Amino acid sequence: DETSHSVEKIIASDANTILYSGFGDEFPNHEKLEKLGFSIIPIYDWREVHPLGKAEWIKLVGILSGKEKEAIAFFEEVKQKYKDTKKLLIDIKKNPTVISGNLIGDIWFAPAGESYMARIIQDAEGDYVYARTEGTGSTQKSIEQIIKDNRTTDFWINPGIGTKQQIEKINPHSKHLDAFTNGLYCYSPNMQKFWERSAAEPHLVLSDLIHIFHPEIEEIKTLHFYEKIH
């Protein structure tokens with residue numbers, strides 16, 4: 001939490017560079033800390049729409065930490081693993097349909113068609129229902145539209161909640177979606193693990209989605225971030 005670190009604690013840490021998410025306002029006491037000699041750098045990996053674009057930010061961390069060669073080597077390895085994982089799909093004949101997101105209040109927030117999640121679903125040979133919507137953030141749909149578009153959709157991922165009982169409590173309409181019964185997956189049980197590692201290891205996210213969408217691919221036997229919701 002960027003707001004939980006006082007200026008005194010930061011000075012006492014002996015650091016000279018501050019990395020922060022860049023999501024929202026600038027880092028607290030930005031001007032004061034710069035005057036004290038700190039370099040303050042926003043990390044915008046969350047703006048990237050290609051999974052490998054997110055992973056490439058490891059290079060910046062490598063440069064700042066004096067481990068540029070190691071960071072480049074790590075990224076090149078991840079890039080190759082991502083490409084190799086995609087090759088497992090070369091003989092896939094069917095792309096299952098996919099919905100993502102959930103209802104918040106009266107609006108269903110789903111990844112827009114140009115977003116990171118839409119891209120990685122596509123790379124996993126999933127047919128994302130809203131792939132043709134514009135934008136890199138979220139697209140907003142009424143529950144009536146969601147039901148109309150997704151009654152027979154095969155998979156529902158990332159509802160943000162870890163049990164069917166909890167999902168049905170906040171979204172009673174979920175029972176109208178076939179995927180609620182047959183193909184509901186989320187990283188909620190491993191939420192912290194997902195946010196800590198997925199940006200740097202997109203090949204494992206891709207592997208999970210392939211395993212979910214195409215269980216017939218025998219080379220992938222485990223899930224890293226996702227679990228089926230019961």
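The values are calculated or read from the model by the stated rules, or taken from the named source; none is laboratory data. It should be emphasised that the depicted structure is a prediction, and the values quoted were computed from it without experimental measurement. All Cβ positions, glycine included, derive from the backbone under ideal geometry; neighbour counts span all protein chains shown. Ligands, DNA and RNA are excluded from the accessible area calculation, which covers all protein heavy atoms including side chains. Shrake-Rupley method; radii C 1.70, N 1.55, O 1.52, S 1.80 Å.
Considering only DSSP states other than H, G, I, E and B, which trypsin sites (Lys or Arg not before Pro) in region 37-134 qualify as loop sites with at most 12 other Cβ atoms within 10 Å?
Answer by residue number: 93, 94, 132.
Determine the calculated [θ] at 222 nm for the chain from helices alone, applying -39500 (n - 2.57) to every DSSP H run no shorter than 4 residues and normalising by the residue count; nearest 500 deg cm²/dmol.
When only DSSP H runs of four or more count, the value is -11000 deg cm²/dmol.
Explain nothing, just the number: dipole magnitude of region 70-144 about its Cα centre with +1 on each Lys and Arg Cβ and -1 on each Asp and Glu Cβ, in debye rounded to the nearest 20.
240 debye
Ordered by residue, what ³J(HN,Hα) values in Hz, to whole numbers, does region 92-99 give under the Karplus form 6.51 cos²θ - 1.76 cosθ + 1.60, where θ = phi - 60° and Gly and Pro are x?
Using θ = phi - 60°, the values come out as 5, 9, 10, 9, x, 7, 9, 10 Hz.
So how far apart, in nm, are the two label points at residue 230 and residue 21 if each is 7 Å from Cα heading toward Cβ?
Here the answer is 3.2 nm between the modelled labels.
Would you mind classifying region 90-193 by shape? Square roots of the alpha carbon gyration tensor eigenvalues, ordered a ≥ b ≥ c; an a/c under 1.5 is rounded, otherwise it is prolate if a/b is larger than b/c and oblate if not.
Note, shape of region 90-193 comes out rounded.
Restricting the count to DSSP beta bridges whose residues both fall in the chain, what percent are antiparallel, rounded to a multiple of 5?
That works out to approximately 50 percent antiparallel.
Excluding ligands, DNA and RNA, what is the solvent-accessible area per residue of the chain at a probe of 1.4 Å, expressed in Å²?
That works out to 56 Å² for each residue.
Among 16, 102, 150, determine the one that fluctuates most according to a GNM of the chain built with springs between C-alpha atoms less than 10 Å apart.
Among 16, 102, 150, the largest mean-square fluctuation in the Gaussian network model of the chain belongs to 16.
Stretch residue 47-residue 219 to full length: gain in nm at 0.36 nm per residue minus the Cα-Cα span?
Contour length minus the Cα-Cα distance gives 58.8 nm.
To the nearest 20 debye, what is the magnitude of the charge dipole of the chain about its Cα centre, counting +1 on the Cβ of each Lys and Arg and -1 on the Cβ of each Asp and Glu?
420 debye
Here are labelled values, [x] 11.7; [y] 13.7; [z] 14.3, and one is the computed mean projected area of the Cα convex hull in nm² for what I pasted. Which one?
Checking each listed value against the structure points to [z].
Farthest toward the dipole's positive end in region 1-159, which of 63, 21, 89, given Cβ charges of +1 (Lys, Arg) and -1 (Asp, Glu) about the Cα centre?
Checked the options; the winner is 89.
Under a plain spin-label model, where a point goes 7 Å from the Cα along Cα-to-Cβ, how far apart in nm are residue 86 and residue 69?
Spacing of the two 7 Å Cα→Cβ label points: 3.0 nm.
With the chain treated as a Gaussian network of Cα nodes joined by springs under 10 Å, which of 106, 123, 178 yields the largest mean-square fluctuation?
Sorting by GNM fluctuation, first place goes to 106.
Which is the longest stretch in the chain that no exposed loop site breaks, taking sites as GluC sites (Glu not before Pro) with a DSSP loop state and at most 11 other Cβ atoms within 10 Å?
It runs 1-133.
Give me the extension gain from residue 142 to residue 173: residue separation times 0.36 nm, minus the current Cα-Cα distance, reported in nm with one decimal.
Working it through step by step, the gained length comes to 10.0 nm.
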